[in-house]
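Here the structure comes first, spelled out in structure tokens, and everything after it is commentary.
The values are calculated or read from the model by the stated rules, or taken from the named source; none is laboratory data. What you see is a predicted model; the values in this text were computed from it and never measured. Note that we place each Cβ from the backbone using ideal geometry, even for glycine, and neighbour counts take in every protein chain shown. For accessibility, only protein heavy atoms count, side chains too; no ligands or nucleic acids. Shrake-Rupley method; radii C 1.70, N 1.55, O 1.52, S 1.80 Å.
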Amino acid sequence: MIAKHIPMRSLGKSDFAELVNYLTDDQAKLERVGNIKVSNCDAETLKAVIAEVLATQHSNTRSKSDKTFHLVVSFRAGENPDEETLNAIEERIVESLGYSEHQRVSVLHTDTDNLHFHLAINKIHPKKLTQHDPFQSYRTLGEICSVLETEFNLEQDNHVAEISLSEGRANDMERHSGIESLVTWMRRECLPEMQQANDWKSFHEAIEKHGLSVKQKGNGLVFETADGLQVKASSIDRNFSKPKLEERLGAFLPSKNAPQKNGAAKYDKRPLASGIDTSKLFEQYLSEQEGFSSDRKKAFDRARQSKARKIAARKRANKLRRSAIKLMGESPLNKKLLYNQAYKSLQADLKAIHAEYKREYAKLNKRYERQAWADWLQQKSLEGNVEALDALRARGASKEAKTGNHIRGKEQGNPLEVVDLDNITKEGTIIYKTGIRDDGEKLKLSHDLSLGGVTEALKIAVDKYGKRLEINGSAEFKAHVILAAAQLDKSITFTDAALDKKRADYIQQKENNHERRRKRSEQFRRRADSRGIGDAGRGIADRNGRNAGSAGRSGAGNGVFNRSNEHIAKPGISKLGRKPPPQSQNRLRGLSELGVVRIANRSQVLLPRNVSGDLEHKGKERADTLRRDSIRAGITTETLASAKAYVAEREEKRNKGFDISAHRVYDSERGTAIYQGLRKINNNSLTLLKIDNEILVCPVNEKTARTLKRARIGDTVTITDTNIVRKSGVRRR
């Protein structure tokens, strides 16, 4: 985990509103903005929160520095902490910086290979109106990150700075653009010869043949290329600082010769070394960038000329209108009113023309925005260029460890033949709109581990890798994969022999159960036919419209088939009637409870099978016919009211734009669910259970609440008629 402060570069970038708007902009991607959390603000909508923070910042008139603290917390590839863990990490980091009482907005981003969240913190205290700037925040962030990594069992990162600031910026540039920096190139091409130099003359000769020169700047030395690109000498190596070079070579002597223009290799901005040849792609990139400036200028000139023509045409039309008004034989007052209407119409039209030009300007500005090498590869990949995708995946980025819930196989076909493509990261990871990620080696589910999500991932895996798959992950994930494979295609197999055997056993068991049900149904049908209560016994007439009861009386038997595949009706019973039998009248009933016996023109009777024993010995009437089962014994109306209030509060925030799952009060669901924690509302305990993408709010008594505190967030629980049973087998009341 890495926490980094993004410093202000200009006063314009200190705008809290622009920062929050950027962080919450989904950029037409489903997998970009996750949870949005607001802290220490009274406003309810995001727009009102921004206004509240800006009002607080404007209340401090003394400070002229940056009033917004922008913090990014990023996790290792493959790490996906739950919401509760992310909230705990945020609180601890903010507290360590001294911003626990300050207003802030946190936004989770999921559109890159590394899950990360941004914090926009107001440096102005909401009550004291004083500005707080943490001293050497990078030290504090490094220390707290080390503690949190151990506490939450996250992968360890190095939080001790071992490189200079300029080296860190060079590394950031390489990761962002994909172009080799001058620092990396000099270490590879010039470092050995510079280390062997014994005097300033040989030192100058070693760098001049590479098109470089060394100059004194301030109290140190810098290396400079022919086009003016400079880098500190100590960034190449600690031993190249001015004091150490003068100690080894004597007092600094500037060179009298100019750098060689021909000869040895010179620094040229080229892509970082990777496992594939990107020379053709890079030449295409350079050719597109060469004519970039001229095309941009032409496009903006056309837009400005179009705006000028529209304005001139509208002014001419307004002039003609005023001339017509002047020639009209109206009173001075009426003419004044008409002139006023013409003026307002002109102003409205000019305003519309300027707004249209502003939209066109923004569109052209985005279209002709200069792109770095990595950004250009990303755009070409989104356009369907497989070579650009391979170049992204070969940039030397650290691949995610082969752990977690994922599906692997041998790729077949074009990896960019994706129907529901959402985005492609700079590491070449394809993100589907369903949240599934493909990094070229495996398919990974980012968040949805339900049976439906696993089924979608399995469909994509079969299309990409075929029907021979490698499955890795938790026991729950593997169980869902087995169920999905059995439902999707029985010919899907797994490389893990034990897992494949479980799949085969499950399919065989499913087929055996189906066969047993079929046999039981067949036996029941035969017994029914033998007793004459099959379809024929229900009064179905033959194709000629005749009642087949006579055939039953003639010895052919009740409920058998004749040659025309028509049922023989039971004697003495007419066709199906519209009026229900006596035991089914005047009450609600299900389809399976409907009787089919009707004796036309006779009194209605109850058949023996419709009552328990004699009529005077009816079975006990159920007292809970209109009640619904509850797994929460002893729950009061007040507790249910607290659950409804909590659901209403969460749904209200979700409707205002906060990324919150749908909530509702528990009804009568049975089966498995994911435990999401406990809540205390008005001294009433509520437990949260997740089924699919919906959170069920279930009231529980205090004894149950104390027992559930031992469960972990994410545990699989089973909801039965009277209990909540955790996966480990511990009973939960």
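A few remarks follow.
- Candidates G409, G384, G404: the one that is touching a strand residue (DSSP E or B) at 6+ places or on another chain (Cβ under 8 Å) and either modelled with pLDDT of 80 or more or farther than 30 Å from R437 by Cβ (or both) is G409.
- When residues of the range 675-708 are limited to those that are among the basic types (K, R) and out of contact with any strand residue (DSSP E or B) (no Cβ under 7 Å at 6 or more places or on another chain), the one farthest from E83 (Cα to Cα): K703
- Subset of the range 30-46 [over 24 Å from I430 (Cβ atoms) and part of a loop (DSSP other than H, G, I, E, B)]: N40, C41, D42, A43, E44, T45
- Options S306, S235; residue that is under 24 Å from R187 (Cα atoms), open to solvent by less than 60 Å² (accessible area, probe 1.4 Å) and in a helix (DSSP H, G or I): S235
- Exclusive hit being modelled with pLDDT of 90 or more, open to solvent by 80 Å² or more (accessible area, probe 1.4 Å) and farther than 30 Å from E427 by Cβ, set P243, P254: P243
- For R370: the one exception among (1) assigned to a loop (DSSP other than H, G, I, E, B); (2) crowded, with 18+ Cβ neighbours inside 10 Å: (2)
- Pairs, first modelled with pLDDT under 90 in the range 54-69, second part of a helix (DSSP H, G or I), C-beta under 6 Å, six or more apart: D66/S14
- Identity of the residue in the range 27-66, over 25 Å from I713 (Cα atoms) and in contact with a strand residue (DSSP E or B) (Cβ under 6 Å, 6 or more places away or on another chain), that ends up most open to solvent (accessible area, probe 1.4 Å): L30
- Candidate set: the range 259-306, residues that are under 18 Å from E180 (Cβ atoms) and hydroxyl-bearing (S, T, Y); chosen: the one modelled with the lowest pLDDT: S274
- Residues located in the range 445-462, provided they are open to solvent by 20 Å² or more (accessible area, probe 1.4 Å) and without any contact (Cβ under 8 Å) to a residue 60 or more places away in the chain: L449, L451, T455, E456, K459, I460, V462
- Qualifying positions in the range 449-472 - outside any helix (DSSP H, G or I) and within 19 Å of A673 (Cα to Cα): L449, S450
- Flag if E224 is among the acidic types (D, E), over 44 Å from the mean Cα position of the chain (by Cα) and open to solvent by less than 40 Å² (accessible area, probe 1.4 Å): yes
- From the list Y361, Y465, Y432, the lone residue that is surrounded by fewer than 19 Cβ atoms within 10 Å (Cβ to Cβ) and among the aromatic types (F, W, Y) is Y361.
- The residue that is modelled with the lowest pLDDT, counting only those in the range 1-29 that are closer than 11 Å to A120 by Cβ and part of a loop (DSSP other than H, G, I, E, B), is D15.
- Selected residue (criterion: surrounded by the most Cβ atoms within 10 Å (Cβ to Cβ)) from residues of the range 661-691 that are basic (K, R) and at pLDDT 85 or above: K690
- Residue count for the range 90-114 under the criterion of being open to solvent by 20 Å² or more (accessible area, probe 1.4 Å), under 20 Å from D659 (Cβ atoms) and assigned to a loop (DSSP other than H, G, I, E, B): the result is 3.
- Qualifying residue in the range 166-188 (condition: farther than 30 Å from T425 by Cα and either of a type outside the set (S, T, N, Q) or in a loop (DSSP other than H, G, I, E, B) (or both)): no
Conditions (1) outside any loop (DSSP other than H, G, I, E, B); (2) over 30 Å from D496 (Cα atoms), marked per residue:
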site	(1), (2)
R359	yes, yes
D375	yes, yes
K426	no, yes
T434	no, no
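- Once the range 473-517 is narrowed to residues that are touching a residue at least 60 places away in the same chain (Cβ under 8 Å) and part of a helix (DSSP H, G or I), the residue that is farthest from I460 (Cα to Cα) is E476.
- The set of residues in the range 692-705 that are within 24 Å of the chain's Cα centre (by Cα), more than 12 Å from K644 (Cα to Cα) and either polar (S, T, N, Q) or modelled with pLDDT of 85 or more (or both) comprises N693, E694, I695.
- Looking across the range 239-271, the residues that are within 23 Å of R175 (Cα to Cα) and either among the basic types (K, R) or in contact with a Gly (Cβ under 6 Å, 6 or more places away or on another chain) (or both) come down to K266, K269, R270, P271.
- Flag if G168 is among the small types (G, A, S) and over 26 Å from N80 (Cβ atoms): yes
- Checked against the criteria, E174 counts as open to solvent by less than 50 Å² (accessible area, probe 1.4 Å), of a type outside the set (V, I, T) and within 20 Å of R270 (Cα to Cα).
- Within the range 198-219, tally of residues that are under 15 Å from K242 (Cα atoms) and open to solvent by less than 20 Å² (accessible area, probe 1.4 Å): 4
- Candidate set: the range 121-156, residues that are within 26 Å of the chain's Cα centre (by Cα) and surrounded by 12 or more Cβ atoms within 10 Å (Cβ to Cβ); chosen: the one nearest to I36 (Cα to Cα): I121
- Cross-chain or 6+ apart pairs with Cβ under 7 Å, the range 185-203 first and among the aromatic types (F, W, Y), then assigned to a helix (DSSP H, G or I) and crowded, with 17+ Cβ neighbours inside 10 Å: F203/M194
- Where a residue in the range 359-370 is farther than 25 Å from Y285 by Cβ and modelled with pLDDT of 90 or more and its partner, wherever it lies, is open to solvent by less than 60 Å² (accessible area, probe 1.4 Å) and not small (G, A, S), with Cβ under 8 Å and at least six apart: Y361/F300
- Scope the range 277-296; condition in contact (Cβ under 8 Å) with a residue 12 or more places away in the chain and not in a helix (DSSP H, G or I); matching residues: T278
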